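The values are calculated or read from the model by the stated rules, or taken from the named source; none is laboratory data. None of the values given here were measured: they were computed from a predicted structure. Please note: Cβ atoms are built from the backbone with ideal geometry, for glycine as well, and neighbour counts cover all protein chains shown.
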Amino acid sequence: MTTGPLLSPVGRHQELPPAQRCRETTPALPRYAAFDIGSNSIKFLVAEWDGADLQTLDHRSSTTRLVEGVLTTGELAEDAVERTETVLRDLRKAADQWQADRRIAAATSAVRDSRNRKQFLKRISGLLDCPVLLLSGEEEAEITFHGVAADPFLQHRELLVTEVGGGSSQWTQGGEGAIEARLSAPLGCIRVRDRFVSGYPIGGKCLASMLLTLEKQLKEALRDFSARNRTLVAVGGTATALAALVQELRQFDGEKIHLFSVSADTIQRILEKLSRSELARLQALPGVPAKRADIFLPGVAVLFSTLAALDIDRLTVSVRGLRHGLIERLRKA
């Protein structure tokens, strides 16, 4: 099996220097901003629609670990909420600077699972000055799928899209923009870490137990899914970090990561190596943000178990995701 790019994504999804575009007095094309308020991180996208595809102007990701208080108390912790507000305040300024007047925000697993979600949504809506959608797991899966399927390189393929988040993971299959099956499960990388990992290195026995349990769970959960004649597309921070690690990229490079293909054999070898690594070594891995190091192995384990459960020999990574689907939804409204 080989590992490499599926298609050349040259010209798409590149991050342009903000100073290069923010100086425009009046944007020539409709300009959109999306705020994806996730369990582990906040992802922000500013893009223009050129008539054929979204052109990325600004893309940022910031770790906030919003879910951690929810896992222990059932409520969003105040310090996590304040971290989230600080990031969103800066992103609101960025959207203003980009003159992105069409905006949409969405919160996912951490917020929907919390008892104090109404108070949080009120605070964040006021800060962003735009509605904040509280997505169900199924809505999150659908919108993510549409964001991926709108990619000109993938829009005519039969797809199975998987996203490993912090609190939950999603799987959606379909083709030509139509959804045939969808699933959201509490198998985000933070939850899987808390379930299986007590310290690093985790060792071979812990890895084997984790993979066996996840594969068994996913075989049952994904019984209505079929991988035949489909491209498995993985999105989210775990997937993009995996593609960067395989290529030993020291800095995020969207053009090299987007549509990069990784074999199941390669992922298995990576997992075995990670299981023998101390946390300090994981934090030094090329392409893996240091703040993601403690949840990277559990996230990769969910991806590998998805391949095993569906008997697929490789996955393709996309830099697209929920934020692209949110803009698609806003654009077509």
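Structure notes:
- Within segment 73-119, the residues that satisfy the criterion of being under 19 Å from the mean Cα position of the chain (by Cα) and either closer than 12 Å to residue 44 by Cα or at pLDDT below 95 (or both) are 87, 88, 91, 104, 105, 106.
- Summed over segment 123-180, the residues that are part of a helix (DSSP H, G or I) and either within 30 Å of residue 76 (Cβ to Cβ) or touching a residue at least 40 places away in the same chain (Cβ under 8 Å) (or both) give a count of 18.
- Members of segment 36-60 found to be hydroxyl-bearing (Ser, Thr, Tyr), in contact with a helix residue (DSSP H, G or I) (Cβ under 7 Å, 6 or more places away or on another chain) and assigned to a strand (DSSP E or B), listed by number: 41
- Some residue of segment 5-20 being assigned to a helix (DSSP H, G or I), among the acidic types (Asp, Glu) and at pLDDT below 95: no
- Against the criterion of being surrounded by fewer than 16 Cβ atoms within 10 Å (Cβ to Cβ) and either more than 24 Å from residue 321 (Cα to Cα) or touching a helix residue (DSSP H, G or I) at 6+ places or on another chain (Cβ under 9 Å) (or both), residue 173 does not qualify.
- Only one entry in 147, 188, 166, 174 is touching a Cys at 6+ places or on another chain (Cβ under 8 Å) and modelled with pLDDT of 95 or more, namely 166.
- One residue from 192, 233 being aliphatic (A, V, I, L, M) and part of a strand (DSSP E or B): 233
- Selected residue [surrounded by fewer than 18 Cβ atoms within 10 Å (Cβ to Cβ) and in contact (Cβ under 8 Å) with a residue 60 or more places away in the chain] from 254, 236: 254
- Hits in segment 193-235 (condition: more than 15 Å from residue 301 (Cβ to Cβ) and among the acidic types (Asp, Glu)): 220, 224
- Residue pairs meeting the criteria (Cβ under 7 Å; at least 6 apart or on separate chains; first under 11 Å from residue 309 (Cβ atoms), in segment 204-215; second surrounded by 12 or more Cβ atoms within 10 Å (Cβ to Cβ) and of a type in the set (A, V, I, L, M, F, W, C)): 211/301; 211/304; 214/301; 214/302; 215/308; 215/309
- Residue 119 in contact (Cβ under 8 Å) with a residue 40 or more places away in the chain, surrounded by fewer than 18 Cβ atoms within 10 Å (Cβ to Cβ) and not charged (D, E, K, R): no
- Tally of residues being touching a Lys or Arg at 6+ places or on another chain (Cβ under 8 Å), among the basic types (Lys, Arg) and surrounded by fewer than 21 Cβ atoms within 10 Å (Cβ to Cβ) across segment 285-330: 0
- Restricting attention to segment 101-116, the residues being without any contact (Cβ under 8 Å) to a residue 60 or more places away in the chain and assigned to a helix (DSSP H, G or I) number 1.
- Candidate set from segment 274-284 (those that are touching a helix residue (DSSP H, G or I) at 6+ places or on another chain (Cβ under 6 Å) and under 23 Å from residue 253 (Cα atoms)); member that is surrounded by the most Cβ atoms within 10 Å (Cβ to Cβ): 274
- Scanning segment 74-88 for residues that are in contact (Cβ under 8 Å) with a residue 12 or more places away in the chain and in a helix (DSSP H, G or I) yields 80, 81, 83, 84, 85, 87, 88.
- The listed residue being within 21 Å of residue 322 (Cα to Cα) and either in a helix (DSSP H, G or I) or in the same structural domain as residue 188 (by TED's automatic domain parsing) (or both), out of 91, 71, 66: 91
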